[in-house]
Amino acid sequence: QAVHGRKLFPPFCFQNEINEVPFFDVQLPYELALKIFRYLGRAELGRCAQVSRTWKILAEDEVLWYRLCQEEGYLLDRSISDHSCWKLALKNCRARERTLKYNWKNRIGAVSQLRYELGKVLCDVHSWDGVVIAGYTSGEVRLWDTRTWDYTAPVLEAVQGPGDAGPRPHVSFVRINSSLAVAAHEDGTVSVWNLLLGREPIHHYQHNQKIQALALGPEGAAVATASGFEVKVESPDDRGFWHTTAAFEIQKLVNFLNLVPDVTGSPVAVAAAEDIVYLLKAEEPGKILHSVYGQPVTCLDVTAQEAAFGIKTFGWLLNEPNQILLYNLETNQCLTKVGNSIGDFTCVNLHDSPPHMLVAGNKDRRVRVFDLRRGESVCSLYAHQLGVSAVQMDDWKVVSGGEEGLVCVWDQRMGTKLWEMHARHPVRHVWFNSHSLITANIPEERNPRGGSSTDDDPAVHRKYRGIIYSYEFSGEQLAGDSVLPICRSSYNELTGYSYNIGLAVPYDSI
């Protein structure tokens, strides 16, 4: 518009946009207007940005979008100065999450086999944040970092004594967390390595009998082992010297052992010995958390505040089916009982599940998701013919492994199977995060033998030795990295049993 040849501008062009913001019929300071906008979500901020130029500047303030990014769980380790446009950063994070979800549902990504090639059998596998530790019948302990491709697995060296010239005993258990790796052998020896200091063990101790259980918390530096009727907790002092923090005498043999995470001060352990569950704190006698004669514990998992375990009830009392009990570790009281199954609960995952949720596997071939607030099952998935052996879930999917070697990925809300993978041996380990999945098929038989005279040849019975799979769904890998290992031959390997068949086109690297 023009009056007498002069153009009229809207009033807000003359506003001081830093100090004053028009709010309907009042003027508010910028800081106060910013506090009001902090209560808005993404959609509301987008609508407010269309009102006026002043509101657009306010609605796109970096403080608002940084807060939204943090509230939605993205870039939690970043400060507000790390990005120049937090609105774009949030947009990119949400787009990446949609891509990951699509890739998970359609099994789009790369798969690698972390295979040990010297003819020994896989004994135990554990992982933390994509780093995999595996123990073998040769006594060797190896690490893989699945966050990088074509990673050569280093061998964690063991303590060699003067009489250790012969073959080393089999590995019984392995555990890993953010800083430590632990392995227990069949002769009762336990070795602890610091992942930041190299392959030499920083601590080593011995039990007189075979170790039944090994526990290592997700964080911290404490190791718990159960051998015979003794539970021992080892941890370093302020100077870094390891010593026995606590030792407990248990009435029965321990079947399951966990360290309570996020505990300040002395470590706290939860041990299940047949039909008794103990809460073990240093400098205190072992406290019985739960005990019902003739009802053995079949699985166990703990968080910082709670412990969940399955119990096997009397088979002839049909009105008392197998259940999962949830106990509060502060009050030592039972919070709820879930489950109503004739089969035994074989695995339970409370620590990795969303708040107030729990996932468990059963011998009756079903995976069940429980809402602990209502005390009932919200989802029941039928898949594994020989029973469920490993489970984990997040807010939308469930990954389960079975005794028959099947790994299934489920859409938890729809209750449908997205896809499955099969290998020969039972699935003993399942771990995933937003972009990767690690599964381990571990044989029951540690010494596979056949009728051939070439049984000792490392090329024979390779399929009986167990296998570790690593899946990557991020889509950020290069095209060459997304090709299966069988199609990545370099023509340098002369051994025929390595299955590198050297395809002519299109993916081999010559």
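The values are calculated or read from the model by the stated rules, or taken from the named source; none is laboratory data. Since we're looking at a predicted model, the values are computed, not measured. With ideal geometry, Cβ positions are generated from the backbone for all residues, glycine too; neighbour counts draw on all protein chains shown. Please note that ligands, DNA and RNA were not included when accessible areas were found on the heavy atoms of the full protein model with its side chains. Shrake-Rupley method; radii C 1.70, N 1.55, O 1.52, S 1.80 Å.
Of the residues ASP124, ASP129, the single one that is open to solvent by 10 Å² or more (accessible area, probe 1.4 Å), within 27 Å of SER178 (Cα to Cα) and touching a Gly at 6+ places or on another chain (Cβ under 7 Å) is ASP124.
Quick one: would you say SER389 is modelled with pLDDT under 95 and either buried (at least 22 other Cβ atoms within 10 Å of the Cβ) or among the small types (Gly, Ala, Ser) (or both)? Steps first, answer last, please.
Values: modelled with pLDDT under 95: no; either buried (at least 22 other Cβ atoms within 10 Å of the Cβ) or among the small types (Gly, Ala, Ser) (or both): yes.
Answer is no for this residue.
Regarding SER81, is this residue modelled with pLDDT under 90 and within 30 Å of LYS463 (Cβ to Cβ)? In short, no.
Do we have GLN295 as part of a loop (DSSP other than H, G, I, E, B) and in contact with a Ser or Thr (Cβ under 8 Å, 6 or more places away or on another chain) here?
Values: part of a loop (DSSP other than H, G, I, E, B): yes; in contact with a Ser or Thr (Cβ under 8 Å, 6 or more places away or on another chain): yes.
Yes; evaluated as a whole, the condition is true for this residue.
Do the conditions hold for VAL111, that is, is it open to solvent by less than 30 Å² (accessible area, probe 1.4 Å) and in a strand (DSSP E or B)? Considered against the rule, which asks whether it is open to solvent by less than 30 Å² (accessible area, probe 1.4 Å) and in a strand (DSSP E or B), VAL111 comes out as no.
Okay, residues lined up against (1) on the phi > 0 side of the Ramachandran plot; (2) hydrophobic (A, V, I, L, M, F, W, C); (3) in contact (Cβ under 8 Å) with a residue 24 or more places away in the chain:
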{"site": "ALA222", "(1), (2), (3)": "no, yes, yes"}
{"site": "VAL233", "(1), (2), (3)": "no, yes, yes"}
{"site": "GLN251", "(1), (2), (3)": "no, no, yes"}
{"site": "GLY265", "(1), (2), (3)": "yes, no, no"}
{"site": "VAL277", "(1), (2), (3)": "no, yes, yes"}
{"site": "LYS281", "(1), (2), (3)": "no, no, yes"}
{"site": "ILE288", "(1), (2), (3)": "no, yes, no"}
{"site": "GLN323", "(1), (2), (3)": "no, no, no"}
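Somewhere in the stretch 35-43, is a residue of a type in the set (A, V, I, L, M, F, W, C), open to solvent by 30 Å² or more (accessible area, probe 1.4 Å), touching a strand residue (DSSP E or B) at 6+ places or on another chain (Cβ under 9 Å) and in a helix (DSSP H, G or I)? Give the derivation first.
Of all residues in the stretch 35-43, those of a type in the set (A, V, I, L, M, F, W, C) come to 36-37, 40, 43.
Those still in the list that are open to solvent by 30 Å² or more (accessible area, probe 1.4 Å) too: 36, 40, 43.
Add one more test, that the residue is touching a strand residue (DSSP E or B) at 6+ places or on another chain (Cβ under 9 Å), and what stays is 36.
Going one step further and asking which of them are in a helix (DSSP H, G or I), we end up with 36.
Looking through the stretch 35-43, at least one residue is of a type in the set (A, V, I, L, M, F, W, C), open to solvent by 30 Å² or more (accessible area, probe 1.4 Å), touching a strand residue (DSSP E or B) at 6+ places or on another chain (Cβ under 9 Å) and in a helix (DSSP H, G or I).
Selection of first residues in the stretch 10-33 that are within 24 Å of GLU62 (Cβ to Cβ) and open to solvent by less than 50 Å² (accessible area, probe 1.4 Å) and of second residues that are basic (Lys, Arg) and modelled with pLDDT of 65 or more, restricted to Cβ pairs under 8 Å at least 6 apart or on distinct chains, gives the following pairs, ordered by first then second residue: GLU17/ARG53.
Would you mind stating whether THR99 is at pLDDT 90 or above, β-branched (Val, Ile, Thr) and open to solvent by 50 Å² or more (accessible area, probe 1.4 Å)? Taking the combined requirement at face value, the residue satisfies it. For ASN177, are the conditions met, namely being closer than 29 Å to VAL277 by Cα and loosely packed, with under 14 Cβ neighbours inside 10 Å? So ASN177 fails the test.
Among ASN328, ASN322, which is the only one that is more than 14 Å from VAL398 (Cβ to Cβ) and surrounded by fewer than 18 Cβ atoms within 10 Å (Cβ to Cβ)?
The unique qualifying residue is ASN328.
Of CYS379, CYS347, which residue is assigned to a strand (DSSP E or B), of a type outside the set (Val, Ile, Thr) and closer than 22 Å to ALA215 by Cα? Don't jump to the end; show me each part of the working.
On the way: CYS379 fails: closer than 22 Å to ALA215 by Cα.
Of CYS379, CYS347, the one residue that is assigned to a strand (DSSP E or B), of a type outside the set (Val, Ile, Thr) and closer than 22 Å to ALA215 by Cα is CYS347.
The residues of the stretch 261-279 that are surrounded by 22 or more Cβ atoms within 10 Å (Cβ to Cβ), within 14 Å of ALA304 (Cα to Cα) and out of contact with any Lys or Arg (no Cβ under 6 Å at 6 or more places or on another chain), listed by number, are PRO267, ALA269, VAL270. Can you find a residue in the stretch 242-251 that is within 21 Å of GLU306 (Cα to Cα) and either open to solvent by 60 Å² or more (accessible area, probe 1.4 Å) or of a type in the set (A, V, I, L, M) (or both)? No, the conditions are met nowhere in the stretch 242-251. Could you check, for the stretch 345-354, whether at least one of its residues is over 24 Å from ASN433 (Cα atoms), in contact (Cβ under 8 Å) with a residue 24 or more places away in the chain and open to solvent by 40 Å² or more (accessible area, probe 1.4 Å)? Within the stretch 345-354, not a single residue is over 24 Å from ASN433 (Cα atoms), in contact (Cβ under 8 Å) with a residue 24 or more places away in the chain and open to solvent by 40 Å² or more (accessible area, probe 1.4 Å). Looking only at the stretch 208-239, residues that are open to solvent by 50 Å² or more (accessible area, probe 1.4 Å) and polar (S, T, N, Q) come to 3 in all.
Among (1) without any contact (Cβ under 8 Å) to a residue 60 or more places away in the chain; (2) assigned to a helix (DSSP H, G or I); (3) not hydrophobic (A, V, I, L, M, F, W, C), which single condition is GLN50 missing? Unmet condition: (2).
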